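Below is one structure; the comments refer to it alone.
The values are calculated or read from the model by the stated rules, or taken from the named source; none is laboratory data. What you are looking at is a predicted structure, and each value in this text was computed from that prediction instead of being measured. Neighbour counts are summed over all protein chains in view; Cβ atoms, including those assigned to glycine, are modelled from backbone coordinates with ideal geometry.
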Amino acid sequence: MSYTGVKGVVTTITGLVLLAVYSVYAVASGLVASGDLRRVAIAMLVFIGVSVVAMIVVQIVLHVALAVRTAIRQGSDKDIDKIMAQDMVEDEMTKSIAARAGRAVAVGAGVGLVAALVLLAFGVVPAVALHVLLWCFAAGSLVEGALTVWYAERGVDHA
């Protein structure tokens, strides 16, 4: 599997785990139907901060693991930097994959915003609308990761 594909898989799995953890926390603590929007906003902001830090740590671990794997396969470490630089170069194909897959986040955001507004128009608790918006963003991000893997392995022209 290519570097872009591996990165997409790892990012998607990490995002799925983080979303599942937050969802369980939000449901168990009553945040989803809470009337206290301040508490909901603080929980979401903390979740976003933890998610950013977790993604950074996971990407660092991924790069280290790929470097170790490359060193083991090559048998020596003198050309590791050169090999890793070749694997991780961002060429036009990688940019095209990111652009096409990135549309999913925009679609998720748009759907989430409209869904949240419709829910608010029907008188649903605002915390529910905020969570629907968050989950739509997350769903768009997960689809982006899946599309990144798909495009990286199948090619952008074959999708």
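Take the residues of segment 133-159 that are within 17 Å of the chain's Cα centre (by Cα) and β-branched (Val, Ile, Thr): which is surrounded by the most Cβ atoms within 10 Å (Cβ to Cβ)?
Applying the first criterion (within 17 Å of the chain's Cα centre (by Cα)) to segment 133-159 yields 133-152.
Filter once more, so that each one left must be β-branched (Val, Ile, Thr): 143, 148-149.
Working: 143: 17, 148: 24, 149: 22.
That would be 148.
Of all residues in segment 86-124 being of a type in the set (Val, Ile, Thr) and surrounded by 14 or more Cβ atoms within 10 Å (Cβ to Cβ), which is modelled with the lowest pLDDT?
To start, the set of residues in segment 86-124 that are of a type in the set (Val, Ile, Thr) comprises 89, 94, 97, 105, 107, 111, 114, 118, 124.
Okay, now just the ones that are also surrounded by 14 or more Cβ atoms within 10 Å (Cβ to Cβ), so 94, 97, 105, 107, 111, 124.
Working: 94: 79, 97: 82, 105: 90, 107: 93, 111: 95, 124: 92.
Here the residue is 94.
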